[in-house]
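Bear in mind these aren't lab numbers, they're just calculated from the coordinates by the rules spelled out. Keep in mind it's a predicted model, so treat the numbers as computed, not measured. Neighbour counts are summed over all protein chains in view; Cβ atoms, including those assigned to glycine, are modelled from backbone coordinates with ideal geometry.
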Amino acid sequence: MLDKRMTLDEIVDQLQDGMSIGIGGWATRRKPMALARAIARSNLRDITLISGYGGPEVGLLAATGKIRKLVFAFVSLDHYPLEPHFRAARQNGAFEILELDEGMFHYGLRAAAMKLPFLPTRVGIGTDIIRQAGFEFKMVKSPYDDGEEFFAMPAIAPDVALIHAHRSDQRGNILTMSFDPFFDELLVRASGRCFATVEKIVPTDELNMRENGRYNLVERSLITGVAEAPFGAHPTSAAPDYQIDLKHLKTYIDSAASQEAWSGYKAEFVDVSQHRYVASVGGAEAIHAAPIPVY
Amino acid sequence: MTEQGYSLAELVISVCAEAFRDDGEVIVTGIGALPRIGAGLAKMTFAPDILTTEGEGWFTSEPVGPGKRAVEPEIEGIAHYDRVFSALYSGKRHALVAPVQLDRWGQANISVIGDHRKPKAAMLGARGFPGNSVLHPNSFFIPTHNKRAFVEGEVDFVCMAGYNPDRYVNGKPPAGLDLRIIVTDLCVMDFGAPQHAIRIKSLHPGVAFDEVQANTGFPLVRPEGVIPITPAPTAQQLAIICRIDPNNIRASVFKDNPPGVRAAVGEAA
């Protein structure tokens with residue numbers, strides 16, 4: 001019987017230097033943080049990080065020197081809008097960047113998911129996004145009577161997508177139970193392969209798919225591997241299972257204050273197993289105690 | 001209530017609300033406390049059909065202010081990101097956003113200060129600003145009216161398209177570009193002068209034109225005759241503002257929460 005179960009480290013072993021890696025979720029919500037920490041601990045280098053709707057995974061991988069190029073529309077910690085490690089890396093010119101609009105990113109994924117080289121859009125016209133040095137963006141003219149000039153948004157096709165979801169069976173039938181699936185489905189469709197971490201791997205019948213069908217992200221044939229990683233999105237949320245840990249996000253932000261602060265944070269929360277990490281942030285009970293945030 | 005009985009923040013809220021007066025049944029997004037409360041005020045008074053969210057992903061029957069809530073709001077629809085992205089293309093949305101820089105063409109920046117490759121200050125990134133700007137109406141709130149915000153040339157990184165003909169193939173922006181009003185701590189402006197140049201619509205009580213001009217990096221169009229004074233919020237509006245913002249978040253937006261009416265300062269010699 002088809003069995004796609006893997007460990008976090010087995011997933012990281014599938015990644016290679018120089019790869020482009022797409023990250024699911026949105027800012028402080030449903031980010032594959034256990035995988036981001038596992039990458040941070042690994043020898044992986046020179047990745048093109050494709051995180052249109054970036055959160056702490058960007059700062060973490062920036063602070064650990066993993067990024068050669070970043071493709072993004074924003075990087076934010078929501079309640080703390082400015083991501084300090086991302087800022088520091090940007091201000092040092094630490095890596096190449098391609099800054100996009102949220103909708104352009106979405107359209108780039110859609111083009112890749114449809115196996116198209118580009119999709120026409122008005123988004124980006126009139127801005128510096130399409131004038132970025134080092135990127136040859138092109139316009140395309142409507143072949144119909146209107147003759148309008150559009151921006152041709154090139155396809156975004158990551159080598160690998162990494163996402164975090166709530167449940168899966170061993171075949172990779174996945175449920176994202178949050179009310180907002182974000183653009184994880186498109187990311188998976190745009191990418192060559194996809195590895196998912198989930199809160200819990202359960203027998204197929206426990207997915208209760210007839211009831212939960214609308215949360216079924218994508219057909220399992222697009223999921224290469226699944227790893228069970230309880231609290232794998234922490235400190236971001238995997239609501240309704242658990243909420244954003246604002247207290248830990250503050251600890252993370254404070255780690256950007258100095259080299260010593262970062263070394264301390266890294267030793268305690270990054271250079272440890274996921275199991276140890278959960279204990280370090282206070283254990284399951286503390287994570288479950290985080291209140292529903294107000295935006 | 002006397003004329004002095006309102007704060008600058010409440011004046012700004014009432015002006016933000018005005019931005020949405022004739023919008024009809026559209027999604028309204030106020031970014032930041034004052035625009036958000038302003039959208040709520042519009043919904044509770046003269047623009048009851050607008051759609052507003054609780055800040056994350058749901059449309060609510062009644063507006064939800066910033067901060068802690070005593071009761072959970074009634075939800076009237078889902079507003080997750082895929083829904084909102086799709087809605088943008090309809091043009092049926094009006095956003096009131098708070099960029100860090102704005103120029104004479106209405107081009108706005110929230111990405112970086114300085115060189116884009118190695119910025120002096122990296123902020124959020126362009127977010128959805130480029131798309132918003134050419135797909136649906138937008139207005140602006142600039143809390144500190146000065147030359148750092150209203151820059152002399154173009155903004156450091158154009159995230160929102162504006163009325164700069166040099167930026168377009170045939171000199172013409174996409175049809176969806178529709179910049180409405182600019183609200184600051186000194187005045188209200190719009191793009192109503194020829195070639196969409198920025199003009200003063202009203203000055204906040206006690207503010208002089210010359211002070212506004214001296215704090216703006218480009219020439220402003222002065223309307224003919226006496227410049228209107230931004231109307232004070234009514235007692236009814238102030239009561240509704242209190243209901244939308246029981247946490248009084250609005251008091252923390254401007255330093256020392258100044259009154260809405262101040263003595264004229266900075267009159268040019």
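At a glance:
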{"quantity": "Within a Gaussian network of chain B (alpha carbon springs, distance under 10 Å), most fluctuating of B:VAL212, B:VAL100, B:VAL253", "calculated": "B:VAL253"}
{"quantity": "Among B:ALA161, A:THR236, A:ALA62 the positive-end extreme of the charge dipole of the protein assembly as shown (Cβ point charges)", "calculated": "A:ALA62"}
{"quantity": "Exceeding the 27 Å Cα-Cα cut-off - candidates A:LYS247/B:LYS120; A:LYS66/B:LYS120; A:LYS69/A:LYS115", "calculated": "A:LYS247/B:LYS120"}
{"quantity": "Contour minus Cα-Cα distance for A:SER258 and A:TYR80 (0.36 nm per residue)", "calculated": "62.2 nm"}
{"quantity": "Rounded, prolate or oblate (a/c below 1.5 giving rounded, otherwise prolate when a/b exceeds b/c) for chain A by Cα gyration tensor", "calculated": "oblate"}
{"quantity": "Assigned charges on the beta-carbon of Lys, Arg, Asp, Glu; the protein assembly as shown dipole about Cα centre (debye)", "calculated": "700 debye"}
{"quantity": "CD proxy at 222 nm, helix term only [per DSSP H run n ≥ 4: -39500 (n - 2.57); per residue of the protein assembly as shown; nearest 500]", "calculated": "-6500 deg cm²/dmol"}
{"quantity": "Charge-dipole axis of segment B:21-117 as Lys and Arg at +1 and Asp and Glu at -1 on Cβ define it, positive-most pick from B:LEU96, B:PRO73, B:VAL112", "calculated": "B:VAL112"}
{"quantity": "Among A:196-203, A:100-107, B:243-250, the order from most to least packed when residues are scored by Cβ within 10 Å on average", "calculated": "A:100-107, A:196-203, B:243-250"}
{"quantity": "Segment A:42-84 shape via C-alpha gyration tensor axes, a/c threshold 1.5", "calculated": "oblate"}
{"quantity": "Choice from B:ALA175, B:ALA47, B:ALA126 with maximal GNM fluctuation in chain B (Cα, 10 Å cutoff)", "calculated": "B:ALA175"}
{"quantity": "Kyte-Doolittle mean at least 1.6 and Cα axial length at least 27 Å: DSSP H helices in chain A", "calculated": "none"}
{"quantity": "Estimated dipole of chain B in Debye, rounded to 20 [Cβ of Lys and Arg +1, of Asp and Glu -1, Cα centre]", "calculated": "540 debye"}
{"quantity": "Among A:ASP254, A:ASP184, A:ASP205: highest mean-square fluctuation, GNM of chain A, C-alpha pairs under 10 Å", "calculated": "A:ASP205"}
{"quantity": "Contact order relative to length of chain B, as percent, for alpha carbon pairs under 8 angstrom and 6 or more apart", "calculated": "22 percent"}
{"quantity": "Over segment B:141-199, relative contact order from alpha-carbon pairs under 8 Å, at least 6 apart, %", "calculated": "33 percent"}
{"quantity": "Charge dipole of chain B about the Cα centre (unit charges at C-beta), most positive-ward option of B:ILE37, B:ASN215, B:ALA19", "calculated": "B:ASN215"}
{"quantity": "For chain A: relative contact order, % (alpha-carbon pairs under 8 angstrom, 6 or more apart)", "calculated": "20 percent"}
{"quantity": "Net dipole in debye of chain A [+1 Lys, Arg Cβ; -1 Asp, Glu Cβ; about Cα centre; nearest 20]", "calculated": "240 debye"}
{"quantity": "Shape category assigned to chain B from the gyration tensor of Cα positions, a/c cut at 1.5", "calculated": "oblate"}
